[in-house]
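> Take a look at this one; I'll ask things after.
Throughout, read-outs are computed from the coordinates displayed, never taken from laboratory work. Since the model is a prediction, treat every value here as computed from it, not as a measurement. FYI the Cβ positions are ideal-geometry reconstructions off the backbone, even for glycines, and counts take in every protein chain you see.
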Amino acid sequence: MIVHEWLFLTIAPCDAAEPWQLGFQDAATPMMQGITDLHHDIFFFLILILVFVLWMLVRALWHFDYKKHPIPQRIVHGTTIEILRTILPSIILMFIAIPSFALLYSMDEVVVDPAITIKAIGHQWYRTYEYSDYNSSDEQSLTFDSYMITEDDLELGQSRLLEVDNRVVLPANTHLRMIVTSADVPHSWAVPSSGVKCHAVPGRSNQTSISVQREGVYYGQCSRFCGTNHASMPIVVEAVSMKDYGSWVQNFE
Amino acid sequence: MAAGGDQEEKTLTLAQQWALKEIEEQAAKTEPPVQATEDVKPANSDSVEVVAEKTEEISATEEAIPATEEAIPATEEATPATEEAPPTAEEATPATEEALPTAEETPPAIVDSNPVTEEATPATEDATPAVEEVSEDASEERSGEEVVSEESGIKIETAPADFRFPTTNQTRHCFTRYVEYHRCTAAKGEGASECDKFAKYYRALCPGEWVDRWNEQRENGTFPGPL
Ligand SMILES: [Cu+2]
């Protein structure tokens, strides 16, 4: 197992960060799929450019050394090549910008009316979740705190600094609105698999919409430095079927 | 990006996306199909359908783009003003027409157009009784029973997307819904059933702590909003 880890071959049992992970976590939302695809598309051209630049560099070093060309050429500028090497990169940048902006704005957009609103409120150093769609008064009927499980209390198979006592339960394949805010200092609600990273700012409520495409457990961490225990306020999202979500809501406390 | 819903959305032009009247109208109008089908199909396929319908219908009513800026009390009285609606293609247009005479602002600047639509729709329904698709109010009441799907056993319903607040920052969305609720109860009396939806919306959108603080401020008479 340790050998495998060193060979970057670990397969985590859940959607959490793996030891020595280099790539993305598996996408669970269309948003994350878009991010991953964009990254891969750009990386393809990035590698092409890298190879081209390295090839020119190495070639120049190889061919123009002091033994072969004892008297250096005294060219200080060439208009044509300067125009080309300015225009071409800017065209490439523009071509990268097109899908990039398309993705950015599609992530902001609220396409349909959400089915459920979940509020994630950051505290030093835990999170509170409020499901207020089922309230009949200003009394909160379904709200709970989510604390990290400390190292001493971990059970076999649980991830250190990632597991919490109360997970965010939400239905898969449903449009959800996350309202993210904070009660003290800025925090951030980030779940890599869902492609969401939303700052939790006191006095302001930020909205992000997610639609988890498959049932599973997704792990995330606070992504805005918020004090001593910044590392100890992870996020665990459990996406279940609509039926299970219904019974979870009905059986809450 | 990969979802069908996004693809459909892409086909809208910017002008269409900003055409608030239409979108709200369509949202209100297409709500019944969503809730009706929710019982049978997975939620995802619904949304695709809804967006598809939206796209069609928006292009149908495209010419009615200008919208209004109106204070809430004004709209509450303005409800029965739908008569002069010309008989156009869809039943969505009458309510939009009602908004047209006062049109001065560009769509993004809308402040309180949503109440206009919501208040106006029942009137539309009266005017055209033959319409099979019902207004938002009626659908909401109906959804009371229907949305309780066998699948989840609970009522799946929350504050709709509000095109007055299209950004990530929803602070004012929550605040506005809270104010709307209390202005509604001030106008229609405590516990009026028309106001229940606003209560539902602000409870969905506002963190409990904020609501508690505002309730306290209202009691002390220090609430900063226009009540
Ligand atoms: Cu934090």
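> Out of the stretch A:190-234, which residues are of a type in the set (S, T, N, Q), crowded, with 20+ Cβ neighbours inside 10 Å and closer than 17 Å to residue A:149 by Cβ?
Scanning the stretch A:190-234 gives a single hit, A:221.
> For the stretch A:191-210, which residues satisfy the criterion of being part of a strand (DSSP E or B) and of a type outside the set (A, V, I, L, M)?
To start, the set of residues in the stretch A:191-210 that are part of a strand (DSSP E or B) comprises A:191, A:196-200, A:202, A:206-210.
Listed by number, the residues that qualify are A:197, A:198, A:199, A:202, A:206, A:207, A:208, A:209.
> Exactly one condition in (1) within 10 Å of the ligand (Cβ to nearest atom); (2) of a type in the set (Ser, Thr, Tyr); (3) not in a loop (DSSP other than H, G, I, E, B) is false for residue A:223; which is it?
(3)
> Within the stretch A:168-190, track down each residue that is within 14 Å of the ligand (Cβ to nearest atom) and either among the small types (Gly, Ala, Ser) or part of a strand (DSSP E or B) (or both).
Looking only at the stretch A:168-190, we keep the residues that are within 14 Å of the ligand (Cβ to nearest atom), and these are A:180-190.
If the condition is that a residue be within 14 Å of the ligand (Cβ to nearest atom) and either among the small types (Gly, Ala, Ser) or part of a strand (DSSP E or B) (or both), then A:180, A:181, A:182, A:183, A:187, A:188, A:189, A:190 are the ones that fit.
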